[in-house]
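Q: Before I ask anything, let me first share the structure, which is written out below as structure tokens.
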Amino acid sequence: MSIIIQKSSTIKSSEITPKSIYLDRRRFMQQAVATSVLLTADAMLPAWAKKWPELKHSPYSSSDKLNSFEDITTYNNFYEFGTSKKDPHKNATKFNPRPWSITVEGECEKPGVFDLEDFIKPAVLEERIYRLRCVEGWSMVIPWVGFSLADMLKGFEPTSKAKYVEFTTLLDESRMPGQKRRVLRWPYTEGLRIDEAMNELPFMAVGLYGEVLPNQNGAPIRLVVPWKYGYKSIKSIVKIRFTETQPQTTWNVTAPKEYGFYSNVNPTVDHPRWSQKKERVIGLPFWQAKRDTQIFNGYAKQVAHLYDGMDLNKYF
Ligand code: MTE
């Protein structure tokens, strides 16, 4: 992230999809699928996507105005497909995220190799609207589709030695061409303390805007941790490991003075090279785009207690 030069947004406010229009659009899509008007598009969806029910709306959702599908899918950080914001959209088109399995190992009673489809059950899927706040200073509001990380992890029965959870992205430079360049330590890894991971907020996303997750957003499955900077929300996950000691994380290894393990959104703890007091909302005209950064990205009620007694300047 440190090597990115930020450009000011060129996206007009008129391109932001208001929620009402999005909901109308979803209703339209559902009717269209029912009447086979969208037969071609429908046939391209994986089998499980056809089974998606009318999604429950999570109470943890933000009520902020949604970013447009266009914003969310063309302004990305996904270094496996290039380091500039437009690269993932262009370079991930050929990536085929199926079949997909997730290896679960380490301190748990039920390790194994699981097919992704085992986790995508209509009964657990819901829509959660979270603001993604990037450490670079921009944010977007995204209607994710997925399920609770905690519920998923409980199924593997972590042991009492499981103090942390590590996540790993696919390592395959033939499918992720950005990995041919050593800009980061591959594969990308991330981690959470077990109590953070078991909090109700972390979300495993398999879709957005009611659709299958676009490749550039981390297909077929990625993490979303809404009170932490965006780089904790690791994409295209192939491995989950329960550990007794704090796992290494890609950005922390790359620049330990700049990117800590915790990475909680915090307006009072600046990045060594820039302030975190304000953020720029992607998609708004510049005179409306700045807003105050919220402590824990607005989720203090749910997560502040996880850090009781900790010096957040030290554990940044
Ligand atoms: N995961 C992987 N594997 N590789 C990445 O480069 N970038 C992170 C995070 N997850 C990244 C990743 C960063 S810096 C951000 S801000 C978010 O993904 C961006 O998610 P989005 O592109 O869906 O908005």
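Q: Using Cα pairs under 8 angstrom and six or more residues apart, how large is the relative contact order of region 120-225, in percent? Show your work: numbers first, answer last.
A: Details: 149 pairs, mean separation 29.9, N = 106.
Normalised by residue count, the contact order of region 120-225 is 28 percent.
Q: Further question: Given the protein chains as shown and a 1.4 Å probe, how many square angstrom of Thr83 are accessible, to the nearest 10?
A: That residue has around 30 Å² of solvent-accessible surface.
Q: Take the alpha carbon atoms of region 74-109, find their center, do the same for region 241-316, and report the distance between the two centers in whole angstrom.
A: Taking the Cα centre of region 241-316 as reference, the centre of region 74-109 is 22 Å away.
Q: Which of the GluC sites (Glu not before Pro) found in region 188-247 are in a DSSP loop and have at most 16 neighbouring Cβ atoms, other than their own, within 10 Å?
A: On the way: sites: Glu190, Glu196, Glu200, Glu211, Glu244; in loops: Glu200, Glu244.
Those satisfying the criteria are Glu200, Glu244.
Q: How long is the gain from Asp311 to Ser160 if the chain were fully straight, where each residue apart is worth 0.36 nm and the alpha carbon distance is subtracted?
A: Numbers: separation 151, 0.36 × 151 = 54.36 nm, distance 2.56 nm.
That pair, Asp311 and Ser160, stretches by 51.8 nm at full extension.
Q: Near Tyr299, within a Cβ-to-Cβ distance under 11 Å, what is the net charge of the other residues, with Lys and Arg +1 and Asp and Glu -1? Can you show the working numbers first?
A: Numbers: positive: Arg131, Arg133, Lys228, Lys301; negative: Glu200.
Local net charge: +3.
Q: Students often forget the sequence filter, so: which lysines lie under 30 Å Cα-Cα from Lys110 once same-chain residues fewer than 8 apart are removed?
A: Cα-Cα hits under 30 Å: Lys50, Lys51, Lys56, Lys121, Lys154, Lys161, Lys163, Lys228, Lys232, Lys235, Lys239.
Q: Rounded to the nearest 0.05, what FRET efficiency do Lys301 and Lys65 have when you use their Cβ-Cβ distance and R0 = 25 Å?
A: The computed FRET efficiency comes out at 0.70.
Q: Mind running the shape call on region 95-210? Use the C-alpha gyration tensor, a ≥ b ≥ c as the square roots of the eigenvalues: rounded below 1.5 for a/c, prolate if a/b tops b/c, oblate otherwise.
A: Details: a/c = 1.32, a/b = 1.11, b/c = 1.19.
Rounded.
Q: Then there's this: What are the radius of gyration and Dmax of region 133-192, computed over its Cα atoms and given in Å?
A: Taking only Cα atoms of region 133-192, I get Rg and Dmax of 15.7, 39 Å.
Q: Moving on to the next point. Once label points are set 7 Å from the Cα along Cα→Cβ at both Val124 and Lys86, what is their separation, rounded to one decimal in nm?
A: About 3.9 nm separates the two model spin labels.
Q: On to the next question. Using a Förster distance of 35 angstrom, determine the FRET efficiency expected from the C-beta separation of Leu171 and Lys257, and round it to 0.05. Before the final figure, lay out the partial values.
A: Values: r = 26 Å, r/R0 = 0.75.
Computed FRET efficiency for Leu171 and Lys257: 0.85.
Q: If a paramagnetic tag sat 7 Å from the Cα of Arg182 along the Cα-Cβ line, which residues of region 237-272 would have the backbone N under 18 Å from that point?
A: Output list for this probe position: 250-256.
The values are calculated or read from the model by the stated rules, or taken from the named source; none is laboratory data. Quick caveat, the model's predicted, so the values are computed rather than measured. Here the Cβ is made from the backbone with ideal geometry for all residues, glycine too, and neighbour counts use every protein chain on show. With ligands, DNA and RNA removed, areas are computed over all heavy atoms of the protein, side chains included. Shrake-Rupley method; radii C 1.70, N 1.55, O 1.52, S 1.80 Å.
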